[in-house]
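Engineer: Let me begin by handing over the structure; questions about it come next.
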Amino acid sequence: MERRDEFLALFLRHQGQVEAFIHGLVRDRVAADDIVQEVALALWKEFDRYDSSRPFAPWARGVASNHVLRHFKARHKEGPNLSPEAVQAVLDASNRDAHDVPSRHLALRHCLESLPQKSQALLHLRFASGMKFEEMSAQLGSSKEAIRKAVARLRDGLRDCIQRRLSMQGTEA
């Protein structure tokens, strides 16, 4: 695969993560969009320095964090910005969370499969189908508040189940 094709494949796969990282740090949407464009160009220009034995997304977010910091430094008189330490903390958390995603997905799948069929169906209606509590109430013949409480209990139970699974695997929740 040519280096250009490799870059394109990696960038397109991780573009959403890079954009979300930048937009999460920069409140001004227009400025954030400009930074996204700058970062895309910088990643292309710096791609020869990228070590393909390492994950692309953390490298791309690292480049993005440098551009965000430059943006903050250039506009420091316009109001409060995040400190370099805060940007680094977000970068570290983003890289750590991205690493845990596959483990969390597996834990969630296991926890969902261990639920009774009725509970799975309730969660499916709410989250997969996007039904509102009013619609669920009419379809299931229960009060809106009873359904809301049941969904909240299921979410709490899933969160606890996921945390237990991850702690058994030695992954922090």
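The values are calculated or read from the model by the stated rules, or taken from the named source; none is laboratory data. What you see is a predicted model, and the numbers here were worked out from it, not measured in a lab. Using ideal geometry, Cβ is built from the backbone for each residue, glycine included, and neighbour counts are taken over all protein chains shown. SASA here: full protein model, heavy atoms, side chains in, ligands and nucleic acids out. Shrake-Rupley method; radii C 1.70, N 1.55, O 1.52, S 1.80 Å.
Engineer: List pairs: first residue in region 50-74 and free of Cβ contacts under 8 Å to residues at least 12 places away in the same chain and within 14 Å of residue 11 (Cα to Cα), second residue open to solvent by 60 Å² or more (accessible area, probe 1.4 Å) and part of a loop (DSSP other than H, G, I, E, B) anywhere in the structure, Cβ distance under 8 angstrom, at least six positions apart or on different chains.
Structural biologist: Listed by first residue and then by second, the contacts come to 59/51.
Engineer: Also, I was wondering about something else. I'm checking my understanding of the structure. Among residues of region 101-158 that are over 30 Å from residue 57 (Cβ atoms) and β-branched (Val, Ile, Thr), which one is surrounded by the most Cβ atoms within 10 Å (Cβ to Cβ)?
Structural biologist: Restricting to residues being over 30 Å from residue 57 (Cβ atoms) and β-branched (Val, Ile, Thr), the top hit is 147.
Engineer: Given the conditions (1) outside any helix (DSSP H, G or I); (2) modelled with pLDDT under 85; (3) of a type in the set (Gly, Ala, Ser), and given that residue 94 satisfies all but one, which numbered condition is not satisfied?
Structural biologist: (1)
Engineer: Another one. Starting from residues that are surrounded by 17 or more Cβ atoms within 10 Å (Cβ to Cβ) and under 12 Å from residue 22 (Cβ atoms), keep the ones in region 55-66 and report whichever is farthest from the chain's Cα centre (by Cα).
Structural biologist: 63
Engineer: Suppose we filter 36, 30, 63, 68 for residues that are more than 21 Å from residue 92 (Cα to Cα) and part of a helix (DSSP H, G or I); which single one remains?
Structural biologist: Matching residue, one of 36, 30, 63, 68: 30.
Engineer: What are the residue pairs meeting all of these: first residue in region 21-47, first residue within 14 Å of residue 69 (Cα to Cα), second residue in a helix (DSSP H, G or I) and among the charged types (D, E, K, R), Cβ atoms under 6 Å, and 6 or more apart or on different chains?
Structural biologist: Correct list of pairs: 21/61; 36/19.
Engineer: What about residue 52, is it open to solvent by 20 Å² or more (accessible area, probe 1.4 Å) and of a type in the set (Ser, Thr, Tyr)?
Structural biologist: So residue 52 fits the description; yes.
Engineer: Would you confirm whether or not region 80-91 contains a residue that is modelled with pLDDT of 90 or more, open to solvent by 30 Å² or more (accessible area, probe 1.4 Å) and more than 26 Å from residue 158 (Cβ to Cβ)?
Structural biologist: no
Engineer: Six or more apart or on different chains, Cβ atoms under 9 Å: show the pairs whose first residue is in region 1-18 and free of Cβ contacts under 8 Å to residues at least 24 places away in the same chain and whose second is outside any helix (DSSP H, G or I) and open to solvent by 40 Å² or more (accessible area, probe 1.4 Å).
Structural biologist: The qualifying pairs are 9/1.
Engineer: Name the residues in region 127-151 that are in a helix (DSSP H, G or I) and either of a type in the set (Ser, Thr, Tyr) or within 16 Å of residue 108 (Cα to Cα) (or both), would you?
Structural biologist: 127, 128, 137, 151
Engineer: Surrounded by 11 or more Cβ atoms within 10 Å (Cβ to Cβ), farther than 21 Å from residue 85 by Cβ and either β-branched (Val, Ile, Thr) or within 16 Å of the chain's Cα centre (by Cα) (or both): is that true of residue 14 in this structure?
Structural biologist: The answer is yes for residue 14.
Engineer: For residues that are under 15 Å from residue 108 (Cβ atoms) and open to solvent by 70 Å² or more (accessible area, probe 1.4 Å), scanning just region 159-172, find the one that is modelled with the highest pLDDT.
Structural biologist: Filtering region 159-172 down to residues under 15 Å from residue 108 (Cβ atoms) leaves 159-169, 171.
From what's left, open to solvent by 70 Å² or more (accessible area, probe 1.4 Å): 159, 163-164, 167-169.
Working: 159: 86, 163: 85, 164: 89, 167: 81, 168: 82, 169: 70.
Applying the filter and picking the extreme gives 164.
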